[in-house]
1. Within the stretch 117-129, is there a residue that is exposed (fewer than 12 other Cβ atoms within 10 Å of the Cβ), polar (S, T, N, Q), closer than 24 Å to G43 by Cα and at pLDDT 90 or above?
2. Being among the hydrophobic types (A, V, I, L, M, F, W, C), without any contact (Cβ under 8 Å) to a residue 12 or more places away in the chain and either closer than 16 Å to I19 by Cβ or surrounded by 15 or more Cβ atoms within 10 Å (Cβ to Cβ) (or both) is the filter here; which residues of the stretch 69-86 pass it?
3. In the stretch 31-51, what residues are touching a residue at least 12 places away in the same chain (Cβ under 8 Å) and assigned to a helix (DSSP H, G or I)?
4. Could you grab the pairs with beta carbons closer than 9 Å, sequence gap of 6+ or different chains, first residue in the stretch 52-67 and surrounded by 14 or more Cβ atoms within 10 Å (Cβ to Cβ), second one part of a helix (DSSP H, G or I) and hydroxyl-bearing (S, T, Y)?
5. Could you grab me the full set of residues in the stretch 92-113 that are part of a helix (DSSP H, G or I) and either closer than 16 Å to T39 by Cβ or in contact (Cβ under 8 Å) with a residue 24 or more places away in the chain (or both)?
6. Do you know which of the residues in the stretch 87-109 that are closer than 30 Å to F9 by Cβ and of a type in the set (A, V, I, L, M) is surrounded by the most Cβ atoms within 10 Å (Cβ to Cβ)?
7. Check whether at least one residue in the stretch 78-87 is of a type in the set (D, E, K, R), in contact with a Leu (Cβ under 8 Å, 6 or more places away or on another chain), under 25 Å from N37 (Cα atoms) and modelled with pLDDT of 95 or more, and report yes or no.
8. Quick check: anything in the stretch 80-98 of a type in the set (S, T, Y) and in contact with a helix residue (DSSP H, G or I) (Cβ under 6 Å, 6 or more places away or on another chain)?
Amino acid sequence: MRKDRPLIFLKMTLYALAIFHVLVGMALVVSKTAQFNLTFLYGATLTSSDQSSYLLRIIGSFAFALGLMLWLAARDPLKYKWIVLNAVIFFAFRNIQRSIFIQEVESLEISATKNWLTNLFFWLLVIGLLAMLGAAGKRKALSDKGEKATKG
């Protein structure tokens, strides 16, 4: 059990991310009330309009699809490592965007504190996902090597 911890933690993290993205994605697509509440929870002030609603539905569609891919990856993270790595790239890229386009973030009335805390959370997530994936892969390789040695 102990040697499987990185893989178990990775799966749990991926399932949590998957559930979050599927639920938020569906909510953004189907409900203007959910759009308002989720932007409020995000810390943003967004003018309610058909344009913003349409753009939030696009984001919701993407979040939903990302959630489905993360669910698949959670079932076997080593087999679907490319999905995990793409999620890592996405989360890292979003953080870089948040830093480069800080004036646009501020225009949404997201506080600097909330922005930096969000950045910190996602950098920790990126590092955690990479560390868990690496540790799980290394343990799998060692396990496979041990099995071959006992057979041969």
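The values are calculated or read from the model by the stated rules, or taken from the named source; none is laboratory data. Everything numeric here is computed off the predicted structure, so don't read it as measured data. In this analysis, Cβ positions are derived from the backbone assuming ideal geometry, glycine residues included, and neighbour counts consider all displayed protein chains.
1. The answer is no; no qualifying residue exists.
2. Within the stretch 69-86, just L72 meets the criteria.
3. Those that are touching a residue at least 12 places away in the same chain (Cβ under 8 Å) and assigned to a helix (DSSP H, G or I): K32, Q35, F36, L38, T39, Y42.
4. Every condition considered, the pairs that remain are S52/T39; L56/T39.
5. A92, R94, N95, R98, E104, V105, E106, S107
6. That would be A87.
7. No, the stretch 78-87 contains no residue that is of a type in the set (D, E, K, R), in contact with a Leu (Cβ under 8 Å, 6 or more places away or on another chain), under 25 Å from N37 (Cα atoms) and modelled with pLDDT of 95 or more.
8. yes
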